[in-house]
Amino acid sequence: MNPNHARSALQQYQQIGKKVAVEEASPHRLIQMLMEGALEKIAAAKGYMERGAIQEKGAHITWAVSIIDGLRVSLDKSVGGEIAQNLEDLYLYMMRRLTEANLKNDPACLDEVAALLGQIKSAWDAIEPEAARLAQSGAQPSAATEG
């Protein structure tokens with residue numbers, strides 16, 4: 001993973017008032033934070049959508065798209081190969097569905113993206129113990145596509 005790409009995407013996330021010590025976070029944790037941020041933005045967008053707050057809904061969907069794009073650009077295809085390519089395709093799909101949710105005011109699109117991203121996050125969270133162990137030894141996770 002290119003930490004500069006992840007940090008760039010995190011600038012969007014930091015604007016919502018979260019005080020996070022990004023400089024001290026591991027690359028693995030940065031990816032977790034991006035996923036958490038996108039899921040929070042999607043949930044907020046759904047709430048705004050339900051209340052008819054169009055401007056706020058659009059802003060939160062835009063933030064979610066930006067965060068997911070940050071995840072996409074942080075993929076290292078030289079390490080992740082086909083898995084990284086599949087993740088990129090999935091991230092691009094999620095970005096299209098979020099745009100569709102915004103244009104059509106469709107909460108089902110938001111739910112779909114949240115479910116997909118939630119599955120990816122669950123898998124990413126599951127590798128945390130290995131990532132932490134390898135970070136201490138200075139090695140990189142062999143299955144890592146993003147971190």
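A few notes on this one:
- Residue count, the range 56-105 (criterion: in contact (Cβ under 8 Å) with a residue 40 or more places away in the chain, over 26 Å from HIS28 (Cβ atoms) and hydrophobic (A, V, I, L, M, F, W, C)): 2
- Test: residue in the range 50-63 that is part of a helix (DSSP H, G or I), closer than 14 Å to ILE120 by Cβ and under 11 Å from the mean Cα position of the chain (by Cα): no
- Candidates GLU40, GLU82: the one that is of a type in the set (D, E, K, R) and over 14 Å from VAL113 (Cα atoms) is GLU82.
- Residue check for GLU100: among the acidic types (Asp, Glu), surrounded by 15 or more Cβ atoms within 10 Å (Cβ to Cβ) and either part of a helix (DSSP H, G or I) or in contact with a helix residue (DSSP H, G or I) (Cβ under 7 Å, 6 or more places away or on another chain) (or both): yes
- The range 92-147, subset under 16 Å from GLU36 (Cβ atoms) and polar (S, T, N, Q), residue modelled with the highest pLDDT: GLN119
The values are calculated or read from the model by the stated rules, or taken from the named source; none is laboratory data. From a predicted model like this one, the values you see are computed outputs, not experimental measurements. With ideal geometry, Cβ positions are generated from the backbone for all residues, glycine too; neighbour counts draw on all protein chains shown.
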